[in-house]
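The values are calculated or read from the model by the stated rules, or taken from the named source; none is laboratory data. Keep in mind it's a predicted model, so treat the numbers as computed, not measured. Neighbour counts are summed over all protein chains in view; Cβ atoms, including those assigned to glycine, are modelled from backbone coordinates with ideal geometry.
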Amino acid sequence: MRAAAESTMLPFLDRSNTEVMTEANRGASEDWSLALRYARVPFYPNDKLLLFYGHAMVFRLGLHIVTERVLAGEPVLYVDGANTFDPFAVGRLARARRRQPRHVLAMIHVARAFSPHQMERLVADCLGAALGRYQARIAMLAGLFETFYDQALPDYEATRLFGRMMSAIDQLTQQGYTIMCLCPSAPILTRSSRQHFDQLRVRADRLLCVKEEQSVVRLQDDRQGDARSWEIPRTLFTGQ
């Protein structure tokens with residue numbers, strides 16, 4: 001994949017051969033079941049803020065969803081706070097669907113954050129403009145809280161940063177954008193990060209818990225009264 005220069009205004013990787021989404025592609029991309037075709041997990045038009053949490057497999061699941069969205073014709077923004085974006089995994093998924101990896105990767109715009117202040121800036125100050133610039137409707141926030149797991153970060157500062165991010169996310173979802181958050185359970189949580197995670201859970205339109213059980217990955221819908229769940233073979237994610 002050819003390296004590209006980062007924009008000083010919008011720190012997402014910018015590639016000159018990014019495809020423009022056509023109206024036909026927009027219609028085809030409404031079928032959210034493409035993201036998890038094996039398990040047939042349903043998604044709905046009102047799912048604007050989605051939270052996938054639990055096992056670290058959420059990151060691998062996120063790569064599948066991102067790739068499927070691009071294969072359906074949609075550019076996607078990927079904000080990476082846990083160094084999880086794997087272009088080689090995306091390339092393998094693209095080749096499995098007989099698509100050129102470079103074409104798929106060209107439609108995934110990645111920005112990385114290594115501190116809570118960087119994460120806050122990306123989400124609160126850059127994300128909205130980047131969605132418009134790349135004609136994207138979907139942003140994936142991978143490891144939203146990972147940069148906040150720092151005991152040196154005062155609770156009041158963490159709360160301020162989180163508040164700005166949530167305000168921006170609320171505004172984007174009200175404008176019709178879809179925000180998908182990947183939040184694995186962390187071994188150590190500060191009190192403020194636990195409170196912020198709980199707030200995100202309450203505000204999410206869709207809440208899917210990811211668990212690993214023997215040879216399967218289980219997704220459980222925590223918002224449905226019947227506690228619906230779906231099983232996906234682990235080999236689908238690992239290739240092993």
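Table for the structure above
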| read-out | value |
| --- | --- |
| For S29: the one exception among (1) at pLDDT below 60; (2) among the small types (G, A, S); (3) closer than 27 Å to E120 by Cβ; (4) touching a Gly at 6+ places or on another chain (Cβ under 6 Å) | (3) |
| Condition met for F43 (under 14 Å from L207 (Cα atoms) and modelled with pLDDT under 90) | yes |
| Any hit, region 150-161, residues being within 23 Å of F85 (Cα to Cα), more than 17 Å from the chain's Cα centre (by Cα) and surrounded by fewer than 17 Cβ atoms within 10 Å (Cβ to Cβ) | yes |
| Subset of region 189-214 that is modelled with pLDDT under 80 and small (G, A, S) - its residue that is surrounded by the most Cβ atoms within 10 Å (Cβ to Cβ) | S193 |
| Condition broken by F145, with the remaining ones in (1) under 18 Å from A130 (Cβ atoms); (2) within 15 Å of the chain's Cα centre (by Cα) satisfied | (1) |
| Elements of type helices (runs of 4 or more DSSP H) in region 36-116, at least 3 residues being surrounded by fewer than 20 Cβ atoms within 10 Å (Cβ to Cβ) and of a type outside the set (A, V, I, L, M, F, W, C) | 87-96, 101-105 |
| Identity of the residue in region 129-158, assigned to a helix (DSSP H, G or I) and in contact with a helix residue (DSSP H, G or I) (Cβ under 6 Å, 6 or more places away or on another chain), that ends up nearest to Q199 (Cα to Cα) | A158 |
